[in-house]
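Colleague: Got a structure for you, written out below as structure tokens; questions coming shortly.
The values are calculated or read from the model by the stated rules, or taken from the named source; none is laboratory data. In this text the structure is predicted, and so the values were computed from the model without any measurement. All Cβ positions, glycine included, derive from the backbone under ideal geometry; neighbour counts span all protein chains shown. Remember, those area values only see protein heavy atoms, side chains included, never the ligands or the DNA or RNA. Shrake-Rupley method; radii C 1.70, N 1.55, O 1.52, S 1.80 Å.
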Amino acid sequence: MAVWQDLHHLPAYGLLQQLALRPYDLTAPGAISEARLATYTCRQAGFELLYAMQRVDEAVIAALQQLADQSGAVERFLEMKKGAVANRLDGYESENRQVLHTACRDIFSDQPLCPAATVQAREQLAKLQEFLAELDSAQLTNEQGELFTDLLHIGIGGSDLGPRALYLALAAYRLPGRRVHFISNVDPDDAAAVLEGLDLSRTLVNVVSKSGITLETLTNEELVRAAFQRAGLDPARHFVAVTGQGSPMDNPARYLRSFYMFDYIGGRYSVTSMVGAVMLSFALGYDAFRQVLQGAQAFDVAAEERDIRRNIPLLLALLGIWNRNFLGCDSLAILPYSQALVRFTAHLQQCDMESNGKSITRQGATVSYPTGPIVWGEPGTNGQHAFYQLIHQGTTVVPVEFIGFRRSQFGEDMLIQGTTSHEKLLANLLAQSLALAVGRPHDNPNRFFAGNRPSSVLLADCLTPYTMGGLLALYEAKIVFQGFIWNINSFDQEGVQLGKLLATRLLQHFGGLRLGDANSGLQDSLGWSLLKAAGLIDIKIANKAEQE
Ligand code: G6Q
């Protein structure tokens, strides 16, 4: 395995810099030809990536291939799947963990790449299957002998975003009579709104926390337990836990059933572990959840391809690096033309920004090139009526990844003015990509579109459990590839710790105030004196007070 190198030390870096001086002009006459569309299409595992609207030509693609080869991205990905300790910094204290979310999907293989992790994944799945069978056969019921109809999923961050995004994406395939609800925010109104109108007697509560110590999740669990008690129901007959083995939540006596996830699976990569499995298989059935895993497995394997023109995740990663590091774009809009993917961009926002929002290399040095972009987005066509103004005519160029499907999930559609709604949806997607690329000359500056705004279109036949699994793993691999090429650790999240620490200190003082502790320093409640309470920022506050 080659030694880790910073992006700008890879030989292809200088070449790409040169090429970036004159990127492909998408606005030139004939720039978007049928031949170009055919050449810049990559088909893999049921998906098509159309990238003719990116500012690339043969020379750029060849240089990006060199960049991928020189960084060893595919080899590192394979090593990661085999159990390498990919979550670490050299020479500094770090998490020092394997990164094995892919092992959750390697369960179909006779020769899994990391057998120990796959054995654990299979054990958990077997336990889950047994639990689901007991629910289906009414062996496990509520106090009145009735079937459970609802599941309340409590978790936050990686224990909420991905699972919730997939549930919403696949709600069309729900088992009859099954519904799922989510509480994540510590805002008490989140829980209150969800609990309102829920028949607790027929509700399972799935508490998901890998660490078992997350403030929001533990608070919400207690809040919901109290609601069950008020309703005269025994929480131990309703509450299920998904947590790390040995965590403070690993206390099977408190739960109807406990499932495990392992420290080699990061929160934002955990959808296909028990973190998503319990809720998704309750809602969709075990077989449908296995299809999610199969779709994900297809991309885990597809991502091993070395030719970037035949590897969608790697190609998408490299196009992102081209736009970010060579064309100077700061953000990335992910715009699914699918209402079902309404929270998928939020999941990718976490997966990408928490993974690649880093300023130090794997050797602990400050990076001297941009890393992860700002990721954002909303489903089209809704977004067209909101923020597309900026992406077409704003002063900043926002590369876009469009996602679309040839068929709708429900298949309920009708001809209105000669076209179906789904045709209207797809026509808009393609039109936006084209408009961003070619722009429009106009004498009136207000109606002028500069064009040369890059986008890709990711297309599949229909959003099913299988394609959803594929889409999830495709993006996970893309993010991991980018981290490898940027020489950063995509698997830790130190950046979220400081705020948590300060909040804990402030909470101690809130507690002190409630107890009437005169030393808490919070008599003035929410003013500057409150911030003064947090020892860590005393100095800044003092400086500010002096200036005032
Ligand atoms: C994800 C992050 C973070 C985590 C949440 C919830 O990669 O680590 O979003 O998932 O903080 O953590 P717990 O599952 O431990 O409650």
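Colleague: What number of residues within the stretch 263-311 are within 16 Å of the ligand (Cβ to nearest atom), open to solvent by less than 20 Å² (accessible area, probe 1.4 Å) and assigned to a loop (DSSP other than H, G, I, E, B)? Lay out the reasoning, then the answer.
Modeller: In the first step, residues of the stretch 263-311 are kept if they are within 16 Å of the ligand (Cβ to nearest atom); the result is 263-279.
Pick out the ones that are also open to solvent by less than 20 Å² (accessible area, probe 1.4 Å) and you get 265, 268-279.
Next, only the ones that are assigned to a loop (DSSP other than H, G, I, E, B) stay: 265, 270-273.
Result for the stretch 263-311: 5.
Colleague: Identify all residues within the stretch 455-494 that are within 16 Å of the ligand (Cβ to nearest atom) and among the aromatic types (F, W, Y); write none if there are none.
Modeller: Matches in the stretch 455-494: Y475, F491.
Colleague: Shifting gears a bit: Regarding L335, is this residue more than 16 Å from the ligand (Cβ to nearest atom), among the hydrophobic types (A, V, I, L, M, F, W, C) and out of contact with any strand residue (DSSP E or B) (no Cβ under 9 Å at 6 or more places or on another chain)?
Modeller: Spelling it out, it is not the case that L335 is more than 16 Å from the ligand (Cβ to nearest atom), among the hydrophobic types (A, V, I, L, M, F, W, C) and out of contact with any strand residue (DSSP E or B) (no Cβ under 9 Å at 6 or more places or on another chain).
Colleague: Here is a follow-up. Which residues, taken from the stretch 152-210, are among the aromatic types (F, W, Y) and within 16 Å of the ligand (Cβ to nearest atom)? So that I can check it myself, show each step before the final result.
Modeller: Within the stretch 152-210, the subset among the aromatic types (F, W, Y) is 167, 173, 182.
Of everything in the stretch 152-210, just one residue is among the aromatic types (F, W, Y) and within 16 Å of the ligand (Cβ to nearest atom), namely F182.
Colleague: Here is a further query. Looking only at the stretch 207-262, which residues are open to solvent by less than 10 Å² (accessible area, probe 1.4 Å), farther than 19 Å from H181 by Cα and either assigned to a loop (DSSP other than H, G, I, E, B) or basic (K, R) (or both)?
Modeller: Answer for the stretch 207-262, where residues must be open to solvent by less than 10 Å² (accessible area, probe 1.4 Å), farther than 19 Å from H181 by Cα and either assigned to a loop (DSSP other than H, G, I, E, B) or basic (K, R) (or both): G212, M249.
Colleague: Does the stretch 464-480 contain at least one residue that is assigned to a loop (DSSP other than H, G, I, E, B) and either among the hydrophobic types (A, V, I, L, M, F, W, C) or farther than 28 Å from N311 by Cβ (or both)? Let's see the steps before the verdict.
Modeller: The first filter runs over the stretch 464-480 and keeps only residues assigned to a loop (DSSP other than H, G, I, E, B), leaving 464.
Retained after the next criterion (residues that are either among the hydrophobic types (A, V, I, L, M, F, W, C) or farther than 28 Å from N311 by Cβ (or both)): none.
So far as the stretch 464-480 goes, no, none of its residues is assigned to a loop (DSSP other than H, G, I, E, B) and either among the hydrophobic types (A, V, I, L, M, F, W, C) or farther than 28 Å from N311 by Cβ (or both).
Colleague: Now for a different question. Looking at L515 and the list (1) in contact with a helix residue (DSSP H, G or I) (Cβ under 9 Å, 6 or more places away or on another chain); (2) among the hydrophobic types (A, V, I, L, M, F, W, C); (3) open to solvent by 70 Å² or more (accessible area, probe 1.4 Å), which single condition is not satisfied?
Modeller: Just one mismatch for L515, condition (1).
Colleague: Take Q497 and tell me if it is surrounded by fewer than 20 Cβ atoms within 10 Å (Cβ to Cβ), within 16 Å of the ligand (Cβ to nearest atom), more than 27 Å from F326 (Cβ to Cβ) and at pLDDT below 95.
Modeller: When the stated conditions are applied, Q497 passes them.
Colleague: Still on this structure, I have one more. Restricting to the stretch 351-394, what's the tally of residues that are within 16 Å of the ligand (Cβ to nearest atom), open to solvent by 50 Å² or more (accessible area, probe 1.4 Å) and in a helix (DSSP H, G or I)? Reasoning before the result, please.
Modeller: Residues of the stretch 351-394 that are within 16 Å of the ligand (Cβ to nearest atom), as a first pass: 351-358, 372, 375.
Imposing the further condition that a residue be open to solvent by 50 Å² or more (accessible area, probe 1.4 Å) reduces the set to 353, 357.
Of the ones still in play, those that are also in a helix (DSSP H, G or I) are 353.
Number satisfying all stated conditions: 1.
Colleague: Could I ask something else about it? Among helices (runs of 4 or more DSSP H) lying entirely in the stretch 1-82, which contain 1 or more residues that are free of Cβ contacts under 8 Å to residues at least 12 places away in the same chain? Please lay out each step first, then the result.
Modeller: Details: elements: 12-19, 34-39, 58-71, 73-82.
Filter on the stretch 1-82 gives 12-19, 34-39, 58-71.
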